[in-house]
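Everything on this sheet refers to the single structure shown next.
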């Protein structure tokens, strides 16, 4: 893939173990024109610091703007028990060599997409920044090529039986995005649980004998130990890189247009992305929901991004 052919993305993230792997993946397969941080897996001070650390590690030149420190209406909700106290598991990265370019992610998203149309927004954390940008300027959805998000799920949750973390953390923001009329793509848990990575992939990365390889190895090892989807296994779902690769390698995925709403009120279902699977009804479809993925190829592309970011790889 030539640099001219690489899609341009703004990566909106809350690193996060799999967010960090997504940053590595995006640095190889897309042209990152900006990174924005949001409160999610851990607080905004940690997600911003972690994004800066990954930007330094990979030599990414794009600006980084920190964003929302709390959800639009809900109380802050984090997942440090899953990602470690600071968000990157037990990975030990040096402090970043730069500060955020600003603390106004929304202004950056709006300014950058006015400057250049056809950018993909790839939110892989709670949708707070994206929703606030849409509320500030609803025409944003007409300027971007897509909003391709990791979040939700067709019939499966993880924080609750109904709700996935990114949506549950700020359902009101998700509601704004899903009602916005954007070219919306949802890679939810039903899809990402098909992409499992852990210790065997970590071993490959360690063998590269490079800083990026060691970092990726630590992240993947932690992911396998912590996110194991089956008892006694060391493989965990690698969620966030799927959203990046759905933009850069869409041929590896199968999606269907669906009507999706976000549940805001249910005592058991708040944060659910309710997908209308009734194909026989002529409902308005507001989202491409992803169902199938070439997992082997996706994992290969993730590992290739680690290899090619590694000087000794």
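Quick test of your reading of the structure: residue 139 fulfils all but one of (1) touching a residue at least 24 places away in the same chain (Cβ under 8 Å); (2) out of contact with any helix residue (DSSP H, G or I) (no Cβ under 6 Å at 6 or more places or on another chain). Name the failing condition by number.
Here residue 139 clears every test but (1).
Of everything in the stretch 108-133, what is in contact (Cβ under 8 Å) with a residue 12 or more places away in the chain and over 23 Å from residue 16 (Cβ atoms)? Give them in sequence order. It would help to see each step written out before you state the result.
Here is the first cut: in the stretch 108-133, the ones in contact (Cβ under 8 Å) with a residue 12 or more places away in the chain are 108-110, 112-114, 116-133.
Once the filter is applied, which keeps residues that are in contact (Cβ under 8 Å) with a residue 12 or more places away in the chain and over 23 Å from residue 16 (Cβ atoms), the stretch 108-133 yields 110, 113, 114, 116, 117, 118.
Filtering the stretch 209-225 down to residues that are under 16 Å from residue 308 (Cα atoms) and touching a residue at least 60 places away in the same chain (Cβ under 8 Å), which residue is surrounded by the fewest Cβ atoms within 10 Å (Cβ to Cβ)? I'd like the intermediate steps shown before the answer.
Of the residues in the stretch 209-225, the ones under 16 Å from residue 308 (Cα atoms) are 209-217.
Checking which are touching a residue at least 60 places away in the same chain (Cβ under 8 Å) leaves us with 209-213, 215-216.
Details: 209: 12, 210: 19, 211: 16, 212: 24, 213: 23, 215: 25, 216: 31.
The extreme case among them is 209.
What number of residues within the stretch 253-268 are in contact with a helix residue (DSSP H, G or I) (Cβ under 6 Å, 6 or more places away or on another chain) and over 18 Å from residue 154 (Cβ atoms)?
Looking only at that region, the number is 1.
Considering only the stretch 222-239, state which residues are at pLDDT 65 or above and not in a loop (DSSP other than H, G, I, E, B).
Of all residues in the stretch 222-239, those at pLDDT 65 or above come to 222-227, 233-239.
Residues satisfying the conditions are 222, 223, 224, 225, 226, 235, 236, 237.
Of all residues in the stretch 176-208, which are surrounded by fewer than 24 Cβ atoms within 10 Å (Cβ to Cβ), farther than 19 Å from residue 79 by Cβ, at pLDDT 95 or above and out of contact with any helix residue (DSSP H, G or I) (no Cβ under 8 Å at 6 or more places or on another chain)?
Passing the criteria: 179, 190.
For every residue, the table says whether it meets (1) assigned to a loop (DSSP other than H, G, I, E, B); (2) at pLDDT below 95; (3) surrounded by fewer than 22 Cβ atoms within 10 Å (Cβ to Cβ).
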| site | (1), (2), (3) |
| --- | --- |
| 109 | no, no, no |
| 112 | no, no, yes |
| 117 | yes, yes, yes |
| 121 | no, no, no |
| 131 | no, no, no |
| 135 | no, no, yes |
| 142 | no, no, yes |
| 148 | no, no, no |
| 153 | yes, no, no |
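What is the residue count in the stretch 62-93 for residues that are more than 16 Å from residue 129 (Cβ to Cβ), surrounded by fewer than 16 Cβ atoms within 10 Å (Cβ to Cβ) and either in contact with a helix residue (DSSP H, G or I) (Cβ under 7 Å, 6 or more places away or on another chain) or modelled with pLDDT of 95 or more (or both)?
1
Looking at residue 271, is it under 23 Å from residue 157 (Cα atoms), surrounded by 13 or more Cβ atoms within 10 Å (Cβ to Cβ) and at pLDDT below 95? Working first, answer last.
Numbers: under 23 Å from residue 157 (Cα atoms): yes; surrounded by 13 or more Cβ atoms within 10 Å (Cβ to Cβ): yes; at pLDDT below 95: no.
No: the conditions fail for residue 271.
Does residue 282 fit the bill of being under 30 Å from residue 204 (Cα atoms) and out of contact with any helix residue (DSSP H, G or I) (no Cβ under 8 Å at 6 or more places or on another chain)? Break it down stepwise before answering.
Values: under 30 Å from residue 204 (Cα atoms): no; out of contact with any helix residue (DSSP H, G or I) (no Cβ under 8 Å at 6 or more places or on another chain): yes.
Spelling it out, it is not the case that residue 282 is under 30 Å from residue 204 (Cα atoms) and out of contact with any helix residue (DSSP H, G or I) (no Cβ under 8 Å at 6 or more places or on another chain).
Please work out which one of (1) in contact (Cβ under 8 Å) with a residue 60 or more places away in the chain; (2) part of a helix (DSSP H, G or I) is the condition residue 290 fails and give its number.
(2)
I'd like the full set of residues that are free of Cβ contacts under 8 Å to residues at least 12 places away in the same chain and either under 17 Å from residue 222 (Cα atoms) or in a helix (DSSP H, G or I) (or both), limited to the stretch 1-44. If you could, list the steps in order and put the result at the bottom.
Initial filter on the stretch 1-44 (free of Cβ contacts under 8 Å to residues at least 12 places away in the same chain): 2, 4-5.
Result: 4, 5.
When you look at residue 242, is it part of a helix (DSSP H, G or I) and in contact with a strand residue (DSSP E or B) (Cβ under 7 Å, 6 or more places away or on another chain), yes or no? Quick ask: steps written out before the conclusion?
On the way: part of a helix (DSSP H, G or I): yes; in contact with a strand residue (DSSP E or B) (Cβ under 7 Å, 6 or more places away or on another chain): yes.
Against the criterion (part of a helix (DSSP H, G or I) and in contact with a strand residue (DSSP E or B) (Cβ under 7 Å, 6 or more places away or on another chain)), residue 242 qualifies.
The values are calculated or read from the model by the stated rules, or taken from the named source; none is laboratory data. Quantities reported herein were computed from a predicted structural model and do not represent experimental measurements. Here the Cβ is made from the backbone with ideal geometry for all residues, glycine too, and neighbour counts use every protein chain on show.
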